[in-house]
Amino acid sequence: MTRVFSPLILITAVLNGLMTGAVYALVALGLTLIYGVLHIINFAHGALLSAALFAAFLAWQKLGLDPYLAAFLLAPVFFALGYGLQRFIIGPASHGDDRNMLLVTLGLAVLIENALLYEFHADTRTVDLAYGFKSIDVGFTFLAVSRLISFIAVFAVALVLWLIMSRTDIGKAIRAVASEKLGAELAGIDVAHIYAMTFGLGTACVAIAACLLIPNYYASPSAGNAFVLIAFTIVVLGGMGSVPGALIGGLIVGVVESLGGFFFGESLGQVGIFLIFIAVLLVRPRGLFGAGA
Amino acid sequence: MSEQKIPLNRRRFLATTALGAAAAASGSLAMPSVLRAQASGLKIGLLHPVSGALSYSGQQGRIGAMMAVDEINAAGGIKGAKIDPVLGDAQSTPDGGTAEVEKMNAAEVSCIIGGYASSICLAVSQAAARYDLPYAVDVGVADSIVTRGLKNTFRFGPGFGVISKAALDNLVTINDAAGKPAKTVIIVHEDSLFGSGLAKLLNAQLPGKGFEILETIPHPTPTRDFNTVVLKIKAQNPDLVIPADYYNEYVLLARTMLEQHVRPKGIYSVLGGAASSYKFVKEFPDAAKYIMDCNHWFNPNSAKAQELKKQVEDKGQFFTYELYMNYNAVHLVADAIERAGAADRAKITAALETSTFASPIMPYGPTKFVNGQNEGAAPANTQVLDNDIKVILPPEFANAKAVFPIPA
C-alpha cells in the first residue's frame, strides 16, 4: 500500500489505538498484578474475562443494569470469586509449588470455558444500549461515547489500584510478599491471604474490563481469549508485575496495533505486537518498568 | 441418542441369523442394517457440529433435522416405519465428523445427513463412501464436496460456484437498475479459506463488471476491534462495501460503521455471516438496515415455509438457514427411502440419484442430481428492510424491491 493518507486520518488511528489499548491495559493490569505477587501466569484469565462478559450481559438482561453501573456490582463479586478461587482451590491444590499453581489455573480455564459453553452454548450475546452508537463529532472524526468512557474509566481504575498498592496496609503487605515472601511471612503477614487478595484484585480488574467491553463487544464462551495473548504481550512489555508498565504498555500496544493494521492490514498488523514482544525480550527482558530480575 | 434395546426372543434370533447368513452368503454387506431397521425403526444418522466453534450453527441444524423427523414420524413414518435418529456431534472438526461416521456405521444407520461446514462435509463424505453409506450434505458449499466422484454424496442446496455467480450477476442487475451508482468497492474479508477464497474471486470478477476495487482488507478471526478497518473505508469512501466474514466479525464491522457514520451506497455480501440473520436484525436493527446478501434462503411466498418459520419462532429460536436446509435434507432422504422401498444403502443411493423431490420451502427449480449436485438449487438475494429480511431477487420469489442506493 503506497496510498498517502491525510495526517488527520493518522491522528484518528492513534486515538483509536489509545482507546482500544486502554481496555487491553486493564486486562493486563489484572494479569500483571497476579504475576507480580504470585509469580504465576494466570491461564484462567481469559476464561474469567469470558465469564465476566456473561455476568455483565446477565446484569443488563436480567436486572436491567447499565454495564457501567454493573461494574460497581461485578467488581466486588469477582473480587470475592477470585479470592475464593485462590484461597480454596488454586492455593490448596498447588501444595506450595508455583508450577502446580500454573497447571491449576490452566485446568480452571478449561473448566470455566466449558461450563459457559454448557450453560450458554456457543451463541454470542450482545447488549443494546441507547448510547451504543452515540459518538462525539470532534471535527475530523467521531469518537464513540462508550469507548471514551472506557478510556477514562481505565485510568480511574489504575489510579485506585495504585492508591491501594501505595497507601493502604494491604497494599504494603502485597508489595512485601511480592518482593520477599519469606521475609513477609516472618513479619507476620498471612501469605495465603495476600495471595488470595491479589488474585481477587486481578479478577476484579477483569470484571471491570468486561463491563467496559460489553457495550462494543459480545459475550461468548471463548470471547475472553482474544484479549489474553495481547495482555501477555503487554505484561512483558510493561514489566512483569508493574502497574504503570501495564498501563503504558497497553496504550503502546493499542497504538501499534492500530497503526500496524492501518498500514499493513489487520492480519499483518498484528505482527507488530509480537515483534515488540520479541524485541523487548531481546533488548530489555525485564520490560519498560519491570524491577530487575 | 439412540441405542435401543430390542428384546431378543428365540424366534427373532433365528429369523435374523438365518436372514443374516443368507445376506452374508449373497455378499450384501448392507443387509444387516435392513434387519435392524425393521426391528427398531429406520436408523438415520444426523451429524452436526453441536460443540466447538460451530456449535450454534450445528445446534440450529439439529433442530431443523429433528423437526422434519418428528413431522414424518407423526404422520406415520416412512411406509409405516418410524425414523430412529442417531445423533452425532462432529465437534466442529473434520476428524470429529469422521469419527462419528464410524460410530454411525457401527450403529447400522442407512444414511447420514448433515455436516454443515465444508471441511466437515469433505471428511464425512469420504468416510461414508467407504461403507457405501448415502450421505446428504445439508449446507457445506465447497464445490469439491460433489466434484470428487463420490457416488454416495448428494447436495440439495447450491454450491459456492453457483452462489458466487448468482451473487455477481445480481449485483450487476441491482446496480444497473438503479442507474449504476456504484463504481468503487472495498472488500473486507476474514483471512481463512472462506473469506480469502471469496475475496480472490471478487478481485478476479468485479473489474470485468465495471467495478473498481479500491482495497481488499483481510483480517483474522476473531478480530477484537474494527475501528482501523472502518477508518480505512472512511478514508477511501467506496460506493460499495463487501464484507466476507463470520457472524461475530460481521456484526462488529457493521456496528462500527454505524458508530463512525460510514454510510456507503450499499453493503453487499455473498454468504455473509450476519447479513441475512434474524438475530442481527433483531439485536441491531440500525446497523443491519439495508444490508444485502446472496445466500441460502427460503421462498417467502411459500405457506409451508411461513408455517415452519412460525413454529420455530414460537419456540424462541431464530429461523436460520442451517435449520431449514437440514429440514429439507431429511425430507429429501425420506422421499428417497420411500421410493427405494427398503432401508438398503445401495437402493437409497440409487433412489437419491433419480430424486425429483421438490421442497415446498426453497426457491429452487426442479430437482435433478448430476454427480450428486442438485442442478435446480439456487441462492436468493435478501435485503434488510422494515426490520425484516426480504427477498429482492430472483424476481419470481421476491417479496420486496431492492432499496439501492441506501437513502441518505
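The values are calculated or read from the model by the stated rules, or taken from the named source; none is laboratory data. All figures in this text were calculated on a predicted structure; none of them were measured in a lab. Note that each Cβ is placed from the backbone with ideal geometry, even for glycine, and that neighbours are counted across all protein chains shown.
Can B:Leu258 be described as surrounded by fewer than 24 Cβ atoms within 10 Å (Cβ to Cβ), facing chain A (nearest Cβ under 10 Å) and either free of Cβ contacts under 8 Å to residues at least 12 places away in the same chain or farther than 21 Å from B:Lys183 by Cα (or both)? Considered against the rule, which asks whether it is surrounded by fewer than 24 Cβ atoms within 10 Å (Cβ to Cβ), facing chain A (nearest Cβ under 10 Å) and either free of Cβ contacts under 8 Å to residues at least 12 places away in the same chain or farther than 21 Å from B:Lys183 by Cα (or both), B:Leu258 comes out as yes. The set of residues from region B:245-255 being hydrophobic (A, V, I, L, M, F, W, C) and either more than 10 Å from every other protein chain (Cβ to nearest Cβ) or surrounded by fewer than 24 Cβ atoms within 10 Å (Cβ to Cβ) (or both) comprises B:Leu253, B:Ala254.
Just checking, does region B:263-273 include any residue being closer than 26 Å to B:Phe298 by Cα, within 14 Å of chain A (Cβ to nearest Cβ) and touching a Phe, Trp or Tyr at 6+ places or on another chain (Cβ under 6 Å)?
Among the residues of region B:263-273, at least one is closer than 26 Å to B:Phe298 by Cα, within 14 Å of chain A (Cβ to nearest Cβ) and touching a Phe, Trp or Tyr at 6+ places or on another chain (Cβ under 6 Å), which makes the answer yes.
Of the residues B:Ala336, B:Ala351, B:Ala346, B:Ala340, which single one is touching a Phe, Trp or Tyr at 6+ places or on another chain (Cβ under 9 Å), small (Gly, Ala, Ser) and assigned by TED's automatic domain parsing to the domain that holds B:Gly58? I'd like the intermediate steps shown before the answer.
Values: B:Ala351 fails: touching a Phe, Trp or Tyr at 6+ places or on another chain (Cβ under 9 Å); B:Ala346 fails: touching a Phe, Trp or Tyr at 6+ places or on another chain (Cβ under 9 Å); B:Ala340 fails: touching a Phe, Trp or Tyr at 6+ places or on another chain (Cβ under 9 Å).
Only one candidate qualifies: B:Ala336.
Can A:Met197 be described as part of a loop (DSSP other than H, G, I, E, B) and either touching a residue at least 24 places away in the same chain (Cβ under 8 Å) or within 14 Å of chain B (Cβ to nearest Cβ) (or both)? Write out each step before concluding.
Details: part of a loop (DSSP other than H, G, I, E, B): no; either touching a residue at least 24 places away in the same chain (Cβ under 8 Å) or within 14 Å of chain B (Cβ to nearest Cβ) (or both): yes.
Judged against the criteria, A:Met197 is not a match.
Any chance region B:157-178 includes a residue that's closer than 18 Å to B:Glu353 by Cα and hydrophobic (A, V, I, L, M, F, W, C)?
The initial filter retains those residues of region B:157-178 that are closer than 18 Å to B:Glu353 by Cα, namely B:157-159.
Still in the running and hydrophobic (A, V, I, L, M, F, W, C): none.
No; the residues of region B:157-178 include none that is closer than 18 Å to B:Glu353 by Cα and hydrophobic (A, V, I, L, M, F, W, C).
The residue that is modelled with the highest pLDDT, counting only those in region A:268-282 that are surrounded by fewer than 17 Cβ atoms within 10 Å (Cβ to Cβ) and within 12 Å of chain B (Cβ to nearest Cβ), is A:Val271. For region A:85-131, taking the residues that are among the small types (Gly, Ala, Ser) and either in contact with a Ser or Thr (Cβ under 7 Å, 6 or more places away or on another chain) or free of Cβ contacts under 8 Å to residues at least 40 places away in the same chain (or both), the one that is farthest from the other protein chains (Cβ to nearest Cβ) is identified as A:Gly96. For the criterion of being closer than 22 Å to B:Ile392 by Cα, surrounded by fewer than 22 Cβ atoms within 10 Å (Cβ to Cβ), basic (Lys, Arg) and out of contact with any Cys (no Cβ under 7 Å at 6 or more places or on another chain), B:Lys200 fails. Residue count for region B:177-197 under the criterion of being loosely packed, with under 15 Cβ neighbours inside 10 Å, of a type outside the set (Gly, Ala, Ser) and either over 19 Å from B:Ile233 (Cα atoms) or within 14 Å of chain A (Cβ to nearest Cβ) (or both): the result is 2. Annotation note: of B:Ala342, B:Ala351, B:Ala336, the sole residue that is buried (at least 22 other Cβ atoms within 10 Å of the Cβ) and over 20 Å from B:Ala275 (Cβ atoms) is B:Ala336.
Among the residues of region B:106-140, the ones that are in a helix (DSSP H, G or I), in contact (Cβ under 8 Å) with a residue 12 or more places away in the chain and closer than 14 Å to B:Asn152 by Cα come to 9 in all. Name every residue in region A:8-58 that is surrounded by fewer than 24 Cβ atoms within 10 Å (Cβ to Cβ) and not in a helix (DSSP H, G or I), in order of residue number. A:His39, A:Ile40, A:Ile41, A:Phe43 - these are the residues of region A:8-58 that are surrounded by fewer than 24 Cβ atoms within 10 Å (Cβ to Cβ) and not in a helix (DSSP H, G or I).
I'm checking my understanding of the structure. Among residues of region A:176-206 that are modelled with pLDDT under 90 and touching a helix residue (DSSP H, G or I) at 6+ places or on another chain (Cβ under 7 Å), which one is surrounded by the most Cβ atoms within 10 Å (Cβ to Cβ)? The selected residue is A:Ala178. Yes or no: region B:72-81 includes at least one residue that is surrounded by 17 or more Cβ atoms within 10 Å (Cβ to Cβ), among the charged types (D, E, K, R) and in contact (Cβ under 8 Å) with a residue 40 or more places away in the chain. Checking region B:72-81: not a single residue is surrounded by 17 or more Cβ atoms within 10 Å (Cβ to Cβ), among the charged types (D, E, K, R) and in contact (Cβ under 8 Å) with a residue 40 or more places away in the chain.
Looking across region B:83-105, the residues that are assigned to a helix (DSSP H, G or I) and farther than 16 Å from B:Arg345 by Cβ come down to B:Pro94, B:Asp95, B:Gly96, B:Gly97, B:Thr98, B:Ala99, B:Glu100, B:Lys103. Of everything in region B:344-379 that's within 15 Å of the chain's Cα centre (by Cα) and outside any loop (DSSP other than H, G, I, E, B), which residue is farthest from B:Tyr135 (Cα to Cα)? Among them, the one singled out is B:Asn374.
So is B:Ile217 more than 7 Å from chain A (Cβ to nearest Cβ), touching a strand residue (DSSP E or B) at 6+ places or on another chain (Cβ under 6 Å) and either assigned to a helix (DSSP H, G or I) or crowded, with 18+ Cβ neighbours inside 10 Å (or both) or not? Taking the combined requirement at face value, the residue does not satisfy it.
Evaluate region B:199-209: report whether one residue or more is more than 19 Å from the chain's Cα centre (by Cα), assigned to a helix (DSSP H, G or I) and within 14 Å of chain A (Cβ to nearest Cβ). Within region B:199-209, one or more residues are more than 19 Å from the chain's Cα centre (by Cα), assigned to a helix (DSSP H, G or I) and within 14 Å of chain A (Cβ to nearest Cβ).
Comparison of B:Ile233, B:Ile242 shows that the only residue that is part of a strand (DSSP E or B), aliphatic (A, V, I, L, M) and either over 21 Å from the mean Cα position of the chain (by Cα) or away from chain A (no Cβ under 11 Å) (or both) is B:Ile242. A Cβ distance below 7 Å, combined with a sequence gap of six or more or placement on separate chains, defines the contacts here; from region A:264-284, residues that are part of a loop (DSSP other than H, G, I, E, B) reach residues that are aliphatic (A, V, I, L, M) in the pairs A:Gly265/B:Ile217. For region A:219-239, taking the residues that are crowded, with 22+ Cβ neighbours inside 10 Å and away from chain B (no Cβ under 14 Å), the one that is farthest from B:Glu283 (Cα to Cα) is identified as A:Gly239.
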